[in-house]
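Right, one structure below, let's go through it.
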Amino acid sequence: MMTVPVLRHRVTVGFATIAPGGFRILAALDGATRVMARDLEISSGTDSHTTGRHPLGEAYDVSVKGLTIAEIDRLRRYLMQTLGKRFTVLYEVPAPPTDPQEAAIASVNSQATGKHLHVQVRRGTTFPPTERVAYA
């Protein structure tokens, strides 16, 4: 019997609102489960953040527990490519990593409670865009 990878969320994660950019992120994360051939878990939605894009339904944190640095980088790159320039994808860590491969992809956030991917609509942009955009 084949296992189907799915996008999950921790029971503590809230989704008080989901903006169009948030739906785009969720769609990309769902696609990532198939590319990575494994479940992914959202560790923060509109809960636990009072400022920024999280309470607007335009940002999510994703657990990287159980992923190797190579897998984290593959997931990060997939999300960046899929979402495009209107979104930000960061591998956030609470302290500078000692592993050179990890340090090369990490963004230090001393307020992070643990290592995770942070995905959001890029600051200074809106989604959907207000100007005309050509899609191939």
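One residue stands out among those in segment 52-67 that are more than 18 Å from F127 (Cα to Cα) and out of contact with any Ser or Thr (no Cβ under 7 Å at 6 or more places or on another chain): the one that is surrounded by the most Cβ atoms within 10 Å (Cβ to Cβ), which is V64. Tallying residues that are crowded, with 16+ Cβ neighbours inside 10 Å and part of a helix (DSSP H, G or I) within segment 77-87 yields 5. Out of L40, L75, one residue alone is hydrophobic (A, V, I, L, M, F, W, C), within 22 Å of Q101 (Cβ to Cβ) and touching a residue at least 40 places away in the same chain (Cβ under 8 Å). It is L75. Reported count of residues in segment 88-103, each being within 23 Å of S43 (Cβ to Cβ) and either without any contact (Cβ under 8 Å) to a residue 24 or more places away in the chain or assigned to a strand (DSSP E or B) (or both), is 11. Residue check: H54 meets all listed conditions (1) outside any strand (DSSP E or B); (2) at pLDDT 95 or above but one, namely (2). Does A32 satisfy the criteria of being in contact with a Lys or Arg (Cβ under 6 Å, 6 or more places away or on another chain), in contact (Cβ under 8 Å) with a residue 40 or more places away in the chain and among the hydrophobic types (A, V, I, L, M, F, W, C)? Taking the combined requirement at face value, the residue does not satisfy it. Can you give me the number of residues within segment 88-105 that are surrounded by 16 or more Cβ atoms within 10 Å (Cβ to Cβ) and among the hydroxyl-bearing types (S, T, Y)? Total satisfying the criteria: 2. Residues considered: R123, R74. Of these, the only one that is over 15 Å from G21 (Cα atoms), among the basic types (K, R) and either assigned to a loop (DSSP other than H, G, I, E, B) or under 13 Å from the mean Cα position of the chain (by Cα) (or both) is R74. Looking across segment 1-49 at every residue that is out of contact with any Asp or Glu (no Cβ under 7 Å at 6 or more places or on another chain), small (G, A, S) and assigned to a loop (DSSP other than H, G, I, E, B), the one that is nearest to L90 (Cα to Cα) is identified as G45.
The values are calculated or read from the model by the stated rules, or taken from the named source; none is laboratory data. From a predicted model like this one, the values you see are computed outputs, not experimental measurements. All Cβ positions, even for glycine, are placed from backbone atoms using ideal geometry, and neighbour counts span all protein chains on display.
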